[in-house]
1. What pairs come out if I take residues in the range 27-46 that are within 16 Å of residue 143 (Cα to Cα) and pair them with residues that are aromatic (Phe, Trp, Tyr) whose C-beta lies under 6 Å away, six or more apart or interchain?
2. List every residue pair whose Cβ atoms sit under 8 Å apart, with the two residues 6 or more apart in sequence or on different chains, where the first one lies in the range 79-90 and is closer than 12 Å to residue 69 by Cα and the second, anywhere, is assigned to a helix (DSSP H, G or I) and modelled with pLDDT under 90.
3. Quick one: would you say residue 47 is out of contact with any Ser or Thr (no Cβ under 9 Å at 6 or more places or on another chain) and either more than 30 Å from residue 134 (Cβ to Cβ) or not basic (Lys, Arg) (or both)?
4. Please verify whether the range 126-144 includes one or more residues that are at pLDDT below 95 and not in a helix (DSSP H, G or I).
5. Can you pull out the residues in the range 17-44 that are of a type in the set (S, T, N, Q) and within 17 Å of residue 150 (Cβ to Cβ)?
6. Working only within the range 105-129, note down all residues that are among the aliphatic types (A, V, I, L, M), in contact (Cβ under 8 Å) with a residue 12 or more places away in the chain and farther than 22 Å from residue 30 by Cα.
7. How many of the residues in the range 68-82 are assigned to a helix (DSSP H, G or I), exposed (fewer than 12 other Cβ atoms within 10 Å of the Cβ) and not aliphatic (A, V, I, L, M)?
8. Being β-branched (Val, Ile, Thr), surrounded by 12 or more Cβ atoms within 10 Å (Cβ to Cβ) and modelled with pLDDT of 95 or more narrows it down to one residue among 39, 54; which is it?
Amino acid sequence: MCMPKAPPKDNSAAIAQQQEAARQARIAEGQTGIDQAFTGFNDDFYNNYNQQYTGYYAPQLDDQYKDAVKRLTLQLAQSGNLTGSVGATQLADLQKNYDQQKLAITNQGNAATQALRANIDQRKSQLYADNRAAADPGAASAAASSAAVALQPTAPSSPLANVFGDFFNNLGNVAAISNARKYSQGTGVQQYGRSGGSSVDVVG
């Protein structure tokens, strides 16, 4: 009498488990390749970029400030206000303007650095997602290496605008308004003769 054969053992779950383990291993290998390609994007990298940004614009600001001091000093000397309170106030205002512009460059450098960091982090996150979907470590490493090259920032090259232009324009406007008021109201002391030889003072 023949005994019935036992049904083949269902090992599909074990196979699936092995396949998933192999897939996770490939994903881990791909992520390691991504991390290695991006290892240069560290704190030193971002600090150097920030210093490069401010180091490009700060000297230009200093040069503009030196020229502005010379220009303002000449204007004050020509108007006789260099050693008075008007001159001291305007020179102090120019120094304040310079300090504000210097802080603005620092803030712009920080903002540019933060934007660069965010862009690099976003690209890395996308590479992680692509790696999880494809589970192809070779493709992940190649894509990461290409991205790391493309994400290298270019050095700033745009010249600094004329940051003290508004300062001198405002000085010109104030002077023009002051002169217009003096002209309309009269200035100084004028004497008008009366019949009989007497006179009256009119103070403008």
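1. That search, which allows pairs on different chains as well, returns nothing.
2. What qualifies is 90/171.
3. Answer is no for this residue.
4. Pass one, the range 126-144, residues at pLDDT below 95: none.
Among the residues of the range 126-144, not one is at pLDDT below 95 and not in a helix (DSSP H, G or I), which makes the answer no.
5. Our first condition is that a residue be of a type in the set (S, T, N, Q); within the range 17-44, this holds for 17-19, 24, 31-32, 36, 39, 42.
Those that are of a type in the set (S, T, N, Q) and within 17 Å of residue 150 (Cβ to Cβ): 36, 39.
6. Step one: filter the range 105-129 for residues among the aliphatic types (A, V, I, L, M), giving 105, 111-112, 115-116, 118, 120, 127, 129.
Those still in the list that are in contact (Cβ under 8 Å) with a residue 12 or more places away in the chain too: 105, 112, 116, 120, 127.
Of everything in the range 105-129, those that are among the aliphatic types (A, V, I, L, M), in contact (Cβ under 8 Å) with a residue 12 or more places away in the chain and farther than 22 Å from residue 30 by Cα turn out to be 105, 112, 116.
7. 2
8. The unique qualifying residue is 54.
The values are calculated or read from the model by the stated rules, or taken from the named source; none is laboratory data. What you see is a predicted model, and the numbers here were worked out from it, not measured in a lab. Counting neighbours? That spans all protein chains shown, and the Cβs are built from the backbone with ideal geometry, glycine included.
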